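A short worksheet on the structure shown next.
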Amino acid sequence: MAQHQVNYLKDGGLPVALTSIDKVVNWGRSNSIWALTYGLACCGIEMMASGASRYDFDRFGTIFRASPRQADVMIVAGTLTKKHAEFIRRLYDQMTEPKWVISMGSCANTGGMFNTYATVQGVDRVIPVDLYLPGCAPRPESLQYAVMLLQKKIRSEKAIKAQKPKRLM
Amino acid sequence: MRPYTPKDDVQKKSYYTDRYWVAPQVPKSDVSEDAVFAADHAALRAHFEILEDYIQRGQMVIYIHPKDNYAVLEFLRDHCGYTQLSELSAIDWIAQRGGFEVFYQMLSMTKKKRIRVKCFIGEHEAINSVEKLFRSADWSEREMYDMFGIKVNNHPFMKRILMPDDWEGFPLRKTYPLQGDEFAAWYEVDRIFGKEARDIIGPEIRDTARVDRYDTERFAQLGHEVPKGSTFDPNQPKTPLAYQEEGGVFLIEGFDETKSKIISDRKR
Ligand code: SF4
């Protein structure tokens with residue numbers, strides 16, 4: 001993980017006073033978090049299991065989308081290689097605001113067991129992360145818990161926040 | 001990007017050496033012991049110079065001159081029935097012998113035999129492509145170039161295959177550090193944000209022993225919901241898992257742990 005404090009949430013503006021408009025908008029947002037299908041390695045299998053019938057992500061309003069333009073949350077499920085780092089940033093930049101990132105599994109959090117030259121040591125070196133989900137691989141229940149925590153976080157944010165200047169490649 | 005500077009053999013250091021240890025050798029036998037191999041060997045020797053030959057683990061190994069590699073493989077394919085090239089790569093002998101050993105692993109489906117053809121090239125020498133003979137050599141030769149830096153002449157698309165195109169260094173050489181050189185360590189930061197972001201993002205944390213259980217900056221505490229950056233007291237009572245704020249959320253059903261049922265029949 002990034003050793004230095006990167007102030008990703010600079011414009012998030014916490015603590016905030018929420019108005020009823022914020023509450024309505026956040027209620028809508030938190031119950032329709034569309035996720036970008038982003039399985040990079042074995043954690044992707046657990047992410048797919050969470051989306052399938054037994055764990056049923058749809059009841060949280062979380063539907064997997066194949067395009068970053070339609071997605072609200074990027075679940076980084078798996079090992080990020082250095083070759084791919086450029087593309088994760090590009091996909092993140094293509095997602096429309098507001099957007100969130102869940103870093104799923106040890107590999108995405110810290111590089112995990114791949115302490116080698118070719119693995120990015122934590123996706124937060126490349127994109128800002130809202131929620132770190134530990135485990136190798138985290139079970140679908142943990143991913144559900146992470147999504148529920150993210151919903152809780154979304155409900156505590158101001159609905160209209162300043163758009164961060166985006167950095168394109 | 002800065003050029004790659006060669007380092008000493010960084011992976012060579014041994015943690016323990018036994019003074020009386022002798023490296024085990026896989027026994028080798030003479031080629032004449034196997035009639036099929038002996039016939040192939042005789043046919044080859046009529047056309048090419050064979051530097052060394054033996055049978056090891058039921059496979060014939062022959063050493064040839066690197067300039068002969070295309071002709072030898074063509075001969076083996078067309079006249080000896082070794083119609084498949086199952087593997088092709090190199091071995092780094094730079095420190096001991098100043099070059100690479102390139103090997104071609106051949107398979108004959110009719111004879112049910114395998115032959116390994118080896119040749120030795122210097123560190124800066126190139127080798128001829130066998131891609132025209134075996135399509136499988138296409139990616140293998142690119143991988144050999146990517147991992148060892150061995151250039152292959154007459155290859156249709158001589159480019160890196162696994163590492164990014166602008167990568168510096170050849171990762172499977174013994175001089176390449178496992179955790180990457182400086183170029184590798186900063187690759188994604190340099191590529192995406194530019195060099196000036198190095199100070200902000202900071203170096204990679206590679207120390208696997210660096211685990212602080214009570215670090216609330218980076219790790220969650222199971223069963224405790226502790227604000228980020230606060231001090232964590234391990235004796236504090238557990239927080240019940242709360243998925244929702246107090247008061248609930250409009251139209252969304254809250255989870256009541258006391259009413260939940262644990263399924264004992266996993267096949268349900
Ligand atoms: S954290 Fe474990 S399960 Fe997930 S991608 Fe890495 S190795 Fe695979």
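The values are calculated or read from the model by the stated rules, or taken from the named source; none is laboratory data. Source: prediction; values computed, not measured. Glycine also receives a Cβ, built like all others from the backbone with ideal geometry; neighbour counts cover every protein chain displayed. To get the accessible areas, we keep the full protein, side chains included, count just its heavy atoms, and leave off ligands, DNA and RNA. Shrake-Rupley method; radii C 1.70, N 1.55, O 1.52, S 1.80 Å.
One residue stands out among those in the range A:66-99 that are buried (at least 16 other Cβ atoms within 10 Å of the Cβ), of a type outside the set (V, I, T) and more than 25 Å from B:P164 (Cα to Cα): the one that is nearest to the ligand (Cβ to nearest atom), which is A:A71. Taking residues in the range A:102-123 that are within 14 Å of B:E188 (Cβ to Cβ), and partners anywhere that are more than 12 Å from the ligand (Cβ to nearest atom) and outside any loop (DSSP other than H, G, I, E, B), the pairs with Cβ atoms closer than 6 Å and at least 6 places apart or on different chains are A:Y117/B:A184; A:A118/A:K82; A:V120/A:K82; A:V120/A:A85; A:V120/B:E188.
For the range B:186-209, the candidate set comprises residues that are among the hydrophobic types (A, V, I, L, M, F, W, C) and open to solvent by less than 20 Å² (accessible area, probe 1.4 Å); within that set, the residue that is farthest from the other protein chains (Cβ to nearest Cβ) is B:A197. Of the residues making up the range B:174-185, those that are on the phi < 0 side of the Ramachandran plot and open to solvent by less than 40 Å² (accessible area, probe 1.4 Å) number 6. Of all the residues in the range A:30-50, those that are at pLDDT 90 or above and assigned to a helix (DSSP H, G or I) number 8.
Applying the selection to the range A:107-124, what residues are within 11 Å of chain B (Cβ to nearest Cβ), near the ligand (Cβ under 10 Å from one of its atoms) and out of contact with any helix residue (DSSP H, G or I) (no Cβ under 6 Å at 6 or more places or on another chain)? Answer for the range A:107-124, where residues must be within 11 Å of chain B (Cβ to nearest Cβ), near the ligand (Cβ under 10 Å from one of its atoms) and out of contact with any helix residue (DSSP H, G or I) (no Cβ under 6 Å at 6 or more places or on another chain): A:N109, A:T110, A:G111, A:M113, A:F114, A:T119. Exactly one residue out of A:R65, A:R90 is free of Cβ contacts under 8 Å to residues at least 60 places away in the same chain and of a type in the set (D, E, K, R): that is A:R65. Residue pairs whose Cβ atoms lie under 9 Å apart, separated by 6 or more positions or on different chains, with the first residue in the range A:133-155 and hydroxyl-bearing (S, T, Y) and the second away from the ligand (no atom under 16 Å from the Cβ), are A:Y145/B:L241; A:Y145/B:Y243.
Here is a check on your reading of the model: is B:T83 touching a Lys or Arg at 6+ places or on another chain (Cβ under 8 Å), more than 22 Å from B:P171 (Cα to Cα) and open to solvent by 60 Å² or more (accessible area, probe 1.4 Å)? Considered against the rule, which asks whether it is touching a Lys or Arg at 6+ places or on another chain (Cβ under 8 Å), more than 22 Å from B:P171 (Cα to Cα) and open to solvent by 60 Å² or more (accessible area, probe 1.4 Å), B:T83 comes out as yes. Note on the range A:127-146: residues that are facing chain B (nearest Cβ under 10 Å) and away from the ligand (no atom under 16 Å from the Cβ) amount to 3.
From the list B:E168, B:E131, B:E123, B:E141, the lone residue that is in the same structural domain as B:E52 (by TED's automatic domain parsing), in contact with a Pro (Cβ under 9 Å, 6 or more places away or on another chain) and touching a residue at least 24 places away in the same chain (Cβ under 8 Å) is B:E131.
If the condition is being at pLDDT 70 or above and loosely packed, with under 12 Cβ neighbours inside 10 Å, then the range B:224-243 contributes B:P227, B:K228, B:G229, B:S230, B:T231, B:D233, B:P234, B:N235, B:Q236, B:P237, B:K238, B:T239. Out of the residues in the range A:39-54 meeting the condition of being surrounded by fewer than 16 Cβ atoms within 10 Å (Cβ to Cβ) and more than 13 Å from the ligand (Cβ to nearest atom), tell me which one is farthest from the other protein chains (Cβ to nearest Cβ). Of everything passing the filter in the range A:39-54, A:A52 is farthest from the other protein chains (Cβ to nearest Cβ).
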